[in-house]
1. If you put +1 on each Lys and Arg Cβ and -1 on each Asp and Glu Cβ, how big is the dipole of chain B around its Cα centre, in Debye rounded to 20?
2. Determine the dipole magnitude for the protein assembly as shown: charges of +1 sit on the beta-carbon of Lys and Arg, -1 on that of Asp and Glu, nothing else is charged, the reference point is the Cα centre, and the result goes in debye to the nearest 20.
3. Which ordering of A:VAL187, B:VAL242, A:VAL322 is given by a fewest-first count of other beta-carbon atoms within 10 Å?
4. In what order do A:GLU83, A:GLU347, A:GLU325, B:GLU109 fall by count of nearby beta-carbon atoms within 10 Å, going from fewest to most?
5. Using a Gaussian network model on chain B with a 10 Å cutoff between Cα atoms, which of B:GLY57, B:GLY13, B:GLY112 fluctuates the most?
6. Treating only the Cβ atoms of Lys and Arg (+1) and Asp and Glu (-1) as charged, compute the dipole magnitude of segment B:1-103 about its Cα centre; round to the nearest 20 debye.
7. What residues have an amide H closer than 5 Å to that of A:GLY130, excluding those fewer than 5 places away on the same chain, when H is modeled at 1.01 Å from N in the peptide plane?
8. Skipping prolines and chain starts, which residues have an amide H placed within reach, meaning under 5 Å, of the one on B:ASP304, given they are 5 or more residues away or on another chain?
There are 2 protein chains.
Amino acid sequence: MLEQKSVATRTRGPVRIVGAGLLGASLGLALREKGVEVILDDASPSNLRLAVDYGAGRLPVEGDAPALVIVCVPPDVVADAVERALLDYPDAVVTDVASVKLAPLRALEARGTDLTRYIGSHPMAGRERGGAISARADLFFGRPWVICRDEETRREDLALIEAVALDVGGVLIEMTPEEHDASVGLVSHLPQLVSSLLAAGLSDAPDAAIQLAGQGLRDTTRLASSAPELWLQILAANSGPVVEALEGMIARLSAVTDALRDPDAPGARRAVADAMAAGNSGVARIPGKHGQSQRFATIVVMVDDTPGQLGRLLTELGEINVNMEDLRLEHSPGAQIGLAEIAVLPEVKQRTIEDLGARGWRIASV
Amino acid sequence: MLEQKSVATRTRGPVRIVGAGLLGASLGLALREKGVEVILDDASPSNLRLAVDYGAGRLPVEGDAPALVIVCVPPDVVADAVERALLDYPDAVVTDVASVKLAPLRALEARGTDLTRYIGSHPMAGRERGGAISARADLFFGRPWVICRDEETRREDLALIEAVALDVGGVLIEMTPEEHDASVGLVSHLPQLVSSLLAAGLSDAPDAAIQLAGQGLRDTTRLASSAPELWLQILAANSGPVVEALEGMIARLSAVTDALRDPDAPGARRAVADAMAAGNSGVARIPGKHGQSQRFATIVVMVDDTPGQLGRLLTELGEINVNMEDLRLEHSPGAQIGLAEIAVLPEVKQRTIEDLGARGWRIASV
């Protein structure tokens, strides 16, 4: 199904993957695609079977001698699985992909395990749905892959993990476990909780309020559909940094709440405006989509919400020789119509509007 | 530029629009498109000139006799503008489109103004960018338009405002001012503040943390780029409901923070899991995109981040006769590649994968 990249495979196999959930199975798919021998294992025979059927690797056999073991199990059992792998494969390098890095390390240290061959890592990849069934070979593509080496790490051991990260398309980032945990507390764990708890406030809201919901609320609460079970383990294992991030958030919310209790008091409006301006600065620092679309001009086209309409629009864009750089769809509540916001190079904007208009599309330029 | 709809225009003009910003100019464009005579006014001559040039209406002249005046000015000056309109046009019905409904009403009542001809309303439409320059005729299309009538409201006066709301594509919703303000506090004003204050926490975060940002953080903080000035007026004018919504949010955050301070204490993990489960329930209630895409199957295609690649993909989808139902693009940080997540009817999924694969596209089915 997947075209081979021309770049040579860096990873030296076989690679043993312990835990055939979303991350383990995705990693298996991605490495298999590069021709790497992948051995899968999972405490659940049915999970394992599914991942093998899916093409993520083969079943383990007596005498397997992996060069690298990648532990892809939930945070609570990472230390157990890493210790087991270090014992079972005395010549292998062992890593894990857990979303927290300090708690498993401390747990391993407390057992007195020799950790020379262990290097913690964390690919910043995931989906709202879990399990091998949701696995995809491109899950790690273009995503940061954090590696937490220390002064005992051997250069050749590190290279094994870097090879896997690069082969699956990851972007290497080095951090200490402490730096990692504080960072994900701020950019991943806090947003998850904020989104969940914002959405929690809607669970008993009047229907009248819900029907006024728009795209802003949808975006802000999208993460709230994540499964609680796994997140509970992540949050508990990173409770220190998460509590610190939460306290900062509560302090900022409380300051604005106090100001809004008496908006006409001296300094009150200034406090709210400053907090929102800090939000402007914060969001401007996030790399990715936000900045990119400013290179382009935007055209909004109305499309009926019937099969084929959007496809026809895109086909006609091809016919009039316009390259679409980005597309955002907005479905309208209560109406069988959607708005397609199309980004194009500024120099073709006017022509696109004219050509689409001539073909009968309803267009509003912005 | 815009195709006329075949539906007959309901609105009886002329309509006078006071305030030629984003909402006023968009309303003017939408009504002009329906053939309605629109008179524009604005305290700023240059704003007014821009909106007239833009095609949103004509300049006022001596002897204008509007059937309806729509006040589209910032919340702080709504009461002034409504009172002025009621005095200047004793035969006209007057409405406003402010994001808060109780504060302007109370301010008008305090002046002793006869409010029989005034009916407050609020189209739930907006953009992160403001001003006539950002106006678009489709701004109100498919969006809720809240009307706050009372027992004194005459049926024929109400009909004038309903006609405008329907003509510009809005979905009529009736509420009391109290209901409206509490509802927008919960589904609009709270998410705005939460997003802003989450992003504010990034304004002085280490670069290392920021580079781990993913799509979840981007979605959660998108609203944080809104301009503080207008929001300050909205929040101050709706401070009661907003403070109540903020207090609920702070209480939920505090409960989770307390639980995570000692995640191994009895009941602590349960408290976090329950809060996240409430988030699952809350987000499931929001209408719109969330549920819609479940009708479709999804295919993810890798596209180089160069002009033309995405356009070529969409053109080729047309060539192989596949109608795309939805599209989501994800740009990868640090990589010149993007992922195009394409929704198609389940029955064409397999064929699409095969045909695109045969044309050399890198595909991962999900």
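1. Details: 35 positive and 50 negative charges, 159 e Å.
For this selection, approximately 760 debye.
2. Numbers: 70 positive and 100 negative charges, 224 e Å.
Taking the Cα centre of the protein assembly as shown as origin, the dipole is about 1080 debye.
3. Numbers: A:VAL187 25, B:VAL242 30, A:VAL322 22.
Neighbour counts put them in this order, fewest first: A:VAL322, A:VAL187, B:VAL242.
4. On the way: A:GLU83 19, A:GLU347 8, A:GLU325 23, B:GLU109 11.
So the residues, fewest neighbours to most, are A:GLU347, B:GLU109, A:GLU83, A:GLU325.
5. Largest GNM mean-square fluctuation: B:GLY112.
6. Working: 10 positive and 14 negative charges, 87 e Å.
With Lys and Arg at +1 and Asp and Glu at -1, about 420 debye.
7. none
8. So B:ASP304 has HN proximity to B:GLY338.
No lab work stands behind these numbers, since they all come straight from the coordinates. Nothing here was measured: the structure is a model prediction, and the numbers come from that model. Glycine gets a Cβ as well: all are built from the backbone with ideal geometry, and neighbour counts include every protein chain shown.
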